[in-house]
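Report on one structure; see the data block that follows.
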Amino acid sequence: MTIHADIVFENGSVFDGSRLLPTSTRVAISGTSIIAVGSDVDGVVGVGTRRVDLEGGLLLPGFTDAHIHPIEGGLERMRCDLSPASTRDEYLSIIRAYAEANPDLPWILGGGWQLAAFPGGVPQASDLDAVVGARPVFLANRDHHGAWVSTRALELAGIDRNTPDPVDGRIERNADGSPSGVLQEGARLLVSRLVPDDTDDDNYSALLAAQGYLHSVGVTGWQDAIVGDYGNHSDTGDVYLRAAKNGDLTARVVAALWWDRNRGSEQIPELVARREQLAHERFAASSIKIMQDGIPENQTAAMIDPYVVPTGCRCGAGGLGSGLSFVDPAVLGDYVASLDALAFQIHFHAIGDRAVREALDAFAEAQRRNGPSANRHHIAHVQVVHPHDISRFAELDVTANLQTLWASFEPQMVELNLPVLGEERSAWQYPFADLANAGSRLASGSDWPVTTPDPWAAIHVAVNRTLPPGDADYTSKAFYPAQSLTLEQALASYTSGSARINGHDSAGRIAEGFDADLVVVDRDPFVSPTELISETRTRETWVRGRQVF
């Protein structure tokens, strides 16, 4: 019996997840699946088939975001959201207005501020005090590696000039040793542990708000990069499972369970049990997130050689050091090998060249013990990669999980990263083309709410190595342009590459038998100037044949 198509997409271009198909290509779907791709699909067209006119736009697989924090993004949009602003005065204006509109909140929470808005990347508690009075405030910066807190928050936590830095973080201090109001990395927990926990209902609302937003930019699946208890970050696994069972989770999601760096292998049985508890067709807890280092902006990214001391820096006799390895590399390989043997995927956060090398060494140890892995391990961010380590990604079959939007001369890069990395290491940043040319597998993600979840903004930077022209921080100077990806490479990493990371082998491609996870955009970026890639807009998003946007 002939299966008739429910829908045929026609009169536009088609990118199939790896390449642009001939201009006459049409795509037919029935139920949840793609049933025909080609110039002639009339054999499956019936009386009831609906025709979707692409109007010269592009049809492509739904985007899979391989590294994102949607519930946090949803919560920030619901709270004191600083992401639309970019200056100190703008931030304080938003905070003042939010505090006045919410006089009964026990804490003022939110985030989205960028370090480059403040001298040395360090805002002051006194600025918050001036606009909120004696109220406790905890505002994560846009990369969530630091927090801006008020004097009252510091007092509640008992933080003063005599409080020592934790081993995995730093309390920023004024010249007299008093806390300035910024807590880096693990030091955030000194205050965040006092913040009221988000309820499951808070997180559920945030998840659904985030999902709607992500569908609006063409995202049909993702990997949540932290699901577990960490500071005031509550374990949201049950929230996802509830949404999946209720039918509210339309996206297909993988959870990266949090590896507690203050514990060792004794936590592995708990992770195995959690994976079994969080099992659903739309949601799987099959990945483990190991955060191996911090970021170069606050000198916590783990570097092989010490940071460069900028002119005029009051750094003390010890200089800036070489960053932090959050998990002891002497035991990291043992942890990774044990998890790999249990069929867990490892999702590393590694930004500095030493952290990247430590992650690769751990994968090499796992491969030595267990043999080649089918677990599709990946390293996210890969900001600074030593040239000697480029080829190891392909050799070890480790995917480079790219956050391409960061590869530009934006203020945080220019003012805080380049001075402490130095000229040679600065040129090693975000080596997308080198990784691709060495045969590495690529995936892409946004790290939202660190930066926008719109894939077209990230793809624009991947191809142009500049921010979009409409961005307030745009400069026409390309950031090491030899490391650009082609448009096909960038799109493939965000579709088929990221779907592969999540084990969604029936998604990420437009081919017969694949899921009808599809996006219609308003133009064909392959025929438009590359400088206009970021202007591409999502018209329709489909998940398994159902239109969700």
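The values are calculated or read from the model by the stated rules, or taken from the named source; none is laboratory data. Being a predicted model, the structure only gives us computed values, none of them experimental. A quick note on method: Cβ atoms are made from the backbone with ideal geometry, for glycine too, and the neighbour counts reach across all protein chains shown.
A few remarks follow.
- Filtered residues of the range 203-241 (kept if in a strand (DSSP E or B), surrounded by 24 or more Cβ atoms within 10 Å (Cβ to Cβ) and among the hydroxyl-bearing types (Ser, Thr, Tyr)): Thr220
- Filtered residues of the range 391-428 (kept if closer than 18 Å to Leu442 by Cα, in a helix (DSSP H, G or I) and either over 18 Å from the mean Cα position of the chain (by Cα) or not hydroxyl-bearing (Ser, Thr, Tyr) (or both)): Arg392, Phe393, Ala394, Glu395, Leu405, Trp406
- Against the criterion of being buried (at least 19 other Cβ atoms within 10 Å of the Cβ), among the polar types (S, T, N, Q) and either at pLDDT below 95 or not in a loop (DSSP other than H, G, I, E, B) (or both), Ser528 does not qualify.
- Flag if Leu194 is over 30 Å from Arg539 (Cβ atoms), in contact (Cβ under 8 Å) with a residue 40 or more places away in the chain and either assigned to a loop (DSSP other than H, G, I, E, B) or out of contact with any strand residue (DSSP E or B) (no Cβ under 9 Å at 6 or more places or on another chain) (or both): yes
- Among (1) surrounded by fewer than 24 Cβ atoms within 10 Å (Cβ to Cβ); (2) assigned to a strand (DSSP E or B); (3) not aromatic (Phe, Trp, Tyr) - the single one Ser373 does not satisfy: (2)
- Pairs meeting the criteria (first residue in the range 226-247 and at negative phi, second residue among the aromatic types (Phe, Trp, Tyr), beta carbons under 6 Å, at least 6 apart or on different chains) are Ile226/Trp258; Tyr230/Trp258; Val239/Tyr204; Tyr240/Phe283; Ala244/Phe283.
Residue-by-condition table, conditions (1) among the acidic types (Asp, Glu); (2) touching a Lys or Arg at 6+ places or on another chain (Cβ under 6 Å); (3) part of a helix (DSSP H, G or I); (4) touching a residue at least 60 places away in the same chain (Cβ under 8 Å):
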position	(1), (2), (3), (4)
Arg96	no, no, yes, no
Asp104	yes, no, no, no
Leu109	no, yes, no, yes
His144	no, no, no, yes
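- Pair list, Cβ < 7 Å and 6+ apart or interchain, from the range 506-526 residues that are polar (S, T, N, Q) to residues that are modelled with pLDDT of 95 or more: Ser506/Phe514; Ser506/Asp515
- Failed item in (1) crowded, with 18+ Cβ neighbours inside 10 Å; (2) over 26 Å from Asp224 (Cβ atoms), with Ala407 passing the rest: (2)
- Some residue of the range 314-329 being assigned to a helix (DSSP H, G or I), within 29 Å of Ala427 (Cα to Cα) and modelled with pLDDT of 95 or more: yes
- Test: residue in the range 383-390 that is aliphatic (A, V, I, L, M), assigned to a helix (DSSP H, G or I) and in the same structural domain as Asp454 (by TED's automatic domain parsing): no
- Subset of the range 493-524 [more than 27 Å from Ile288 (Cα to Cα), in contact with a Phe, Trp or Tyr (Cβ under 8 Å, 6 or more places away or on another chain) and part of a loop (DSSP other than H, G, I, E, B)]: Ile510, Ala516
- Of all the residues in the range 180-213, those that are of a type outside the set (Ser, Thr, Tyr), farther than 30 Å from Asp165 by Cβ and over 22 Å from the mean Cα position of the chain (by Cα) number 2.
- The selection criterion, being in a loop (DSSP other than H, G, I, E, B) and under 14 Å from the mean Cα position of the chain (by Cα), does not hold for Asp471.
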